[in-house]
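Asks: Have a look at the structure that comes next, please.
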Amino acid sequence: MRLRHIEVFNAVMLTGSVSAAARMINVTQPAVSRTLQHAELQLGFQLFQRVGGRLRPTVEAQTLYPHIERLFAQLDEVQRLSVSLKAGRGKGELRVLTVLALSYEVFPLAVRLFREKHPAVVVHHQALHSPQIVSGLVLQEADVGYVFNAVTHPALVQEQLAQRRVECVVPKGLLGARQVKAGTITLAQLARLPVIALDGQDPLGMLLAHTVREAGAGLNEVITVQTYHVALALAHHGVGVAMVEGCTAASADRARVDVLTLEPAITTTVHMLRPTARPHSLTTRAFTRCMQQALQQLA
């Protein structure tokens, strides 16, 4: 199939008719019909059957379409990348991506530190999930990103910034004063409390689940959540104990919860990511140093 065939085929699949497809790609109806006929002639099989005034895709067309969808997704990435390259990056701008957990305490503190030395640089920030950050950096839609889990990608450079231990955020009253003063809690002690679990697809959630299985400790999981700050909010409302990384624990309201370090120690690592296709600018280096300082101050 030629690109023109693919474009017309995709338009008909999306709209269900020749007339709507013609309007979508801004051509005449006869042009759409001719292109479909030519595509079917080259392919050697029929793509659509006319049923009740609409075009119904054949089995062959339905088999072909997922591949066409992937092709258009790739074309969309090319378009996004070309727009990014055309726009360039102003010397007075920095585009930063962070995972949600780093956007509440670490990123704001880093911005404050950064602006003290670079007040003229405008920082553009988005809080995204790790796969979205990787995609944005690969497409050069941002200058730098900060995530927890390590990423291996040929188009990205990564650097380890800091390690943080997993903390348990416990609603006030669930533990005795002696336990709170000790500042640590074991998995065996945690097993006696209601626990807010992290999603099994989350890197920290997977690590915690593995550690619990290895220790043979069955936790009383009362709810499973996808983000650390939802877990923290539930702990604030007394639902159970939130097991979160240290950056999120820094946001805990100590009037409502106690924060204890989990034993045995489980650590998460903050990584910096940047596109290999872009030079490691002085501005990006400076902001990364501010992120490191912020992580150290909140430790």
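The values are calculated or read from the model by the stated rules, or taken from the named source; none is laboratory data. Please read all numbers here as calculations on a predicted model, not as lab measurements. Counting neighbours? That spans all protein chains shown, and the Cβs are built from the backbone with ideal geometry, glycine included.
Asks: Please pick out the residue among Ile185, Ile196, Ile223 that is under 14 Å from Ile266 (Cα atoms) and modelled with pLDDT of 90 or more.
Replies: Ile185
Asks: May I ask you to list pairs of residues, at least six apart or on different chains, whose Cβ atoms are under 8 Å apart, with the first in the stretch 102-128 being closer than 20 Å to Ser251 by Cβ and not assigned by TED's automatic domain parsing to the domain that holds Ala249 and the second being among the polar types (S, T, N, Q) and assigned to a strand (DSSP E or B)?
Replies: Hits for this filter: Val106/Thr98; Phe107/Thr98; His125/Thr98; Gln126/Thr98; Ala127/Thr98; Leu128/Thr98.
Asks: Would it be correct to say that Ser82 is over 13 Å from Met272 (Cβ atoms), modelled with pLDDT under 85 and hydroxyl-bearing (Ser, Thr, Tyr)?
Replies: yes
Asks: Out of the stretch 273-293, which residues are closer than 27 Å to Val138 by Cβ and either surrounded by fewer than 19 Cβ atoms within 10 Å (Cβ to Cβ) or not assigned by TED's automatic domain parsing to the domain that holds His125 (or both)?
Replies: Thr276, Ala277, Arg278, Pro279, His280, Ser281, Leu282, Thr284, Arg285, Ala286, Arg289, Gln292
Asks: Restricting the stretch 220-240 to residues that are in contact with an Asp or Glu (Cβ under 9 Å, 6 or more places away or on another chain) and of a type in the set (Val, Ile, Thr), which is surrounded by the most Cβ atoms within 10 Å (Cβ to Cβ)?
Replies: Val225
Asks: In addition: With over 30 Å from Leu282 (Cβ atoms), modelled with pLDDT of 90 or more and hydrophobic (A, V, I, L, M, F, W, C) as the only criterion, which of Leu94, Leu14, Leu47, Leu71 stands out?
Replies: Leu47
Asks: Could you say whether any residue in the stretch 28-37 is touching a Gly at 6+ places or on another chain (Cβ under 9 Å) and not in a helix (DSSP H, G or I)?
Replies: Looking for residues that are touching a Gly at 6+ places or on another chain (Cβ under 9 Å) and not in a helix (DSSP H, G or I), one finds none in the stretch 28-37, hence no.
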